[in-house]
Every structure is written in structure tokens, then in C-alpha cells.
1. Determine ³J(HN,Hα), in whole Hz, for all residues of segment 42-49 in sequence, where each value follows from phi through the Karplus function 6.51 cos²θ - 1.76 cosθ + 1.60 and θ = phi - 60°; x replaces Gly and Pro.
2. Please list 65-71, 39-45 highest first by mean number of surrounding beta-carbon atoms within 10 Å per residue.
3. Roughly how many Å² is the accessible area per residue of segment 21-115, as a whole number, for a 1.4 Å probe?
4. Report Rg/Rh for segment 27-115, rounded to two decimals, where Rg is the Cα radius of gyration and Rh the Kirkwood radius.
5. Provide the per-residue ³J(HN,Hα) series for segment 98-115, in order, calculated from phi with Karplus coefficients 6.51, -1.76, 1.60 and θ = phi - 60°, each as a whole number of Hz, with x at glycine and proline positions.
6. Glu81 versus Thr39, label points 7 Å from Cα toward the beta carbon: distance in nm?
Amino acid sequence: MIEAQRMLKSSPGDDVERFSDGDAMSERIREWLDTPEGTMAHYPAWGHNLTPFRHDPLSKGGDLDVLMEMAIARKLPIDVEGIILQGVNVVVMDIDLCRIEILHQFGFQAEEIRL
């Protein structure tokens, strides 16, 4: 009984440390970019929203990269808690390959994803 009372005195928020440094934020962004929206079983709204751009012709110098940047800037702060976006850049590298560059409060991160 005493052991049970001792365990009830603390809350999970007090016992679990949540990392909030640059490495932790980079990992959250990487995971977000690796997870298309609608693929997480218990939270289908979580993940990147770039799948609708899959069938659009990606070309260098087109307007599609700007639309992708706007989609990321709108959705990423909703899904990744605590991120403060300072910049988003999408670079089309090939017909189905993009380089996503994200500047946030802890630094800069670049990831390549295939659509």
C-alpha cells in the first residue's frame, strides 16, 4: 500500500524528461518527413502533406516548389510540437526527388524525400 501511494505522488510529466534540444527537434522533423499523412495507425492526421504533389510534374524553376513550401510551413508546426519555423525551402533535384531545407530555432536541417 505504501509503495502504491509513493507511485501515485508523481505524474508522468514530472517523471518523463522530454528532450528539446536541436538533436531532438531534428529527429522529430526527420520522422515527420518520413511519414506521409494518413499512414500512422492511431493518428492519421500526423505526417507530411506532400503526397498530393506526387503526380504533378516536378521541374526546376516551377511554381510547385513554392506550393510545397507553403504546405510544409502550414502543417509542420501543427504536428511537431515546439518548433518555431524560420524558413522552408524545397529544391527539386529530380523528377521525383526533393530536398527539403528547414530552418528552425535550433538550426538548419536538410532531408531528401521521394514523392
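The values are calculated or read from the model by the stated rules, or taken from the named source; none is laboratory data. Predicted, not measured: the structure shown is a model, and the values here were computed from it. Reconstructed Cβ throughout: ideal geometry from the backbone, glycine too, with neighbour counts over all protein chains shown. All accessible areas refer to the heavy atoms of the entire protein, side chains included, with ligands and DNA or RNA removed. Shrake-Rupley method; radii C 1.70, N 1.55, O 1.52, S 1.80 Å.
1. Running phi through 6.51 cos²θ - 1.76 cosθ + 1.60 with θ = phi - 60° gives 9, 8, x, 7, 8, x, 5, 10 Hz.
2. 65-71, 39-45
3. I get 57 Å² per residue for this part.
4. Reported Rg/Rh, Kirkwood definition of Rh: 0.94.
5. So the J values, rounded to whole Hz, are 10, 10, 9, 10, 10, 10, 9, 4, 9, x, 10, 9, 10, 9, 9, 9, 9, 9.
6. Here the answer is 2.4 nm between the modelled labels.
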